[in-house]
Amino acid sequence: MYSAREVETELGDLAPQISDAARETLVRMYSSSALDGTEEKARTIGQEKISILQGSELNRILKDIKAAKTLEIGFAYGFSTIWLLDAVAAHGGTHNAIDPFEKRRWGGVGLYQVNQTTGFDKLFKWHEAFSIHALSDFIRSGDTLDAVFIDGNHRFDDVVVDFYLADQVLRVGGIMAFDDLWMDSVKSVASFVALNRHYELVPQRASTMAAFRKIADDDRLWDHYVPFETTHNDGQGSRVRQLARYLKRRFLG
Ligand SMILES: C[S@@+](CC[C@H](N)C(=O)[O-])C[C@H]1O[C@@H](n2cnc3c(N)ncnc32)[C@H](O)[C@@H]1O
C-alpha cells in the first residue's frame with residue numbers, strides 16, 4: 001500500500017500529462033485500502049487494478065492518437081476507467097465500460113469513483129452486460145471506436161472472442177490493448193493477433209500490457225491461418241519478459 005504522497009510522486013514522474021481531476025481521484029484510489037461504492041461503503045480493494053505505469057502508458061498512447069471514443073471490457077474498481085476517461089476528456093470524447101458484475105460483485109466502486117471525478121460522469125457510460133452482448137450491440141449500431149482495452153474474463157477463448165468482436169468496431173489506426181500479459185491465455189491471444197491480423201505492436205514501457213495499432217481491416221482469405229505461440233516458457237527469465245522479448249524481436253526488429 002502506497003501513501004498519498006508516494007502516489008503523487010509516482011504520478012508526477014510517470015504521468016505528468018494527466019488532468020488535476022484525474023490526479024486527485026487516482027491519488028485517492030491508489031493510496032486507499034478501501035473505497036466507497038454506489039452499493040457498498042468502504043469496500044476493501046484487492047489486486048484488480050492496473051499499475052500506475054500501465055495506466056500512464058495507456059493514457060499517453062490514447063492521447064497520442066487523440067482518441068475520443070473508447071471502450072473497456074472489465075470495469076471493477078475503475079482504475080483503468082479513470083486513466084481512459086482522462087484520455088478522452090482531453091477532446092471532449094466519450095468512454096464506455098462493459099461489466100455485468102459492477103454492482104453485484106464490485107460494490108459499484110468504479111461507478112462511484114467516476115462520479116466523484118469532476119466532469120467525468122457526463123463522458124461515461126456503463127454497460128451492464130456480458131462483453132459478447134454489448135460488443136454485438138456496438139457492431140450492430142455501426143459506430144466505430146478509437147481504442148479498446150480488454151481486461152474482462154481472462155480465459156483464452158473469452159479474450160480471443162473479445163478481440164474478434166472489438167476488432168469489428170475499432171477503426172483503422174485505432175488501439176487495441178490487452179491487460180495481464182503475464183497470463184499464458186493473454187500471451188497466446190497477443191501472439192495470434194501479431195501473427196494473423198493486421199495489427200502492429202506499439203512500443204511502450206508496461207510489460208503487463210500488449211498494445212497494438214490496427215493497420216488495416218480484416219481481408220484474409222477464408223482459409224488463412226498462421227500458427228502462433230501458445231507455449232511461452234523457454235526457461236529464460238520471467239514469462240512476461242519472454243513474450244515482451246519475443247514480440248519486440250518479431251515485430252519491432
Ligand atoms: C481485472 S477486473 C478489471 C479491472 C479494471 N480494468 C481496472 O483496471 O480497474 C476484470 C473485470 O472483468 C469483468 N468481467 C468478467 N467477465 C466478463 C465478461 N464476460 N464481460 C464483461 N466483463 C467481464 C469482471 O466483473 C471484473 O470486473
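Using only the alpha-carbon atoms, how far is helix 184-196 inclined from the longest principal axis of the chain? Give it as 0 to 90 degrees, nearest 10. Its long axis makes an angle of about 50 degrees. With the simple spin-label model, which puts each label point 7 Å out from Cα in the Cβ direction, the Gln168 to Thr230 separation comes to 2.4 nm. With loop defined by DSSP as not H, G, I, E or B, and exposure as at most 13 other Cβ atoms within 10 Å, which is the longest segment of the chain clear of exposed chymotrypsin sites (Phe, Trp or Tyr not before Pro)? Longest site-free region, per DSSP loop and neighbour criteria: 102-221.
For the residue pairs Lys66/Lys214; Lys63/Lys103; Lys41/Lys103; Lys69/Lys214; Lys49/Lys214, the C-alpha atoms sit more than 18 angstrom apart in Lys63/Lys103; Lys49/Lys214. Peptides 11-18, 22-29 ranked from most to least packed by the mean count of surrounding Cβ atoms within 10 Å: 22-29, 11-18.
Count the net charge of all other residues whose Cβ sits under 9 Å from the Cβ of Glu128, scoring Lys and Arg as +1 and Asp and Glu as -1. Walk me through the numbers before you get to the answer.
Details: positive: Lys103; negative: Asp99, Glu102.
It works out to a net charge of -1.
Ignoring aspartates and glutamates fewer than eight residues from Lys187 along the same chain, the ones with Cα atoms less than 17 angstrom from its Cα are Asp151, Asp157, Asp158, Asp162, Asp179, Glu200, Glu229, Asp234.
Counting Cα-Cα pairs of region 1-57 in 5 Å increments starting at 0 gives whole-percent bin shares of 4, 19, 29, 25, 15, 7, 1.
Angle of helix 4-14 to the longest C-alpha principal axis of the chain, folded into 0 to 90 degrees and rounded to 10: 40°.
If only the Cβ of Lys and Arg carry +1 and only the Cβ of Asp and Glu carry -1, the dipole of region 4-252 around its Cα centre is close to 420 debye.
Seen against the Cα atoms of the chain and their longest principal axis, helix 52-64 is set at about 70 degrees. Site pair Gln17 and Phe156 shows an inter-label distance of 3.4 nm when each label is modelled 7 Å from Cα along Cα→Cβ.
Peptide packing for 168-176, 56-64 was compared via the average number of neighbouring C-beta atoms within 10 Å per residue; ordered from the highest value, the list is 56-64, 168-176. Look at Leu84, Leu35, Leu252 and count the other Cβ atoms within 10 Å of each Cβ; fewest to most, that gives Leu252, Leu35, Leu84.
For region 156-189 versus region 86-100, the inter-centroid distance based on Cα atoms is 18 Å.
Building the convex hull from the alpha-carbon atoms of the chain and averaging its projection over directions returns 13.5 nm².
Multiplying the sequence separation of Arg250 and Arg220 by 0.36 nm and subtracting their Cα-Cα distance, what value in nm do you get? Write down the numbers at each step before the final one.
Values: separation 30, 0.36 × 30 = 10.80 nm, distance 2.06 nm.
Gain on extension, Arg250 to Arg220, equals 8.7 nm.
Each reported figure results from applying straightforward, stated rules to the coordinates on display, with no laboratory input. All of these numbers come straight from a predicted model, not from anything done at the bench. Neighbour counts are summed over all protein chains in view; Cβ atoms, including those assigned to glycine, are modelled from backbone coordinates with ideal geometry.
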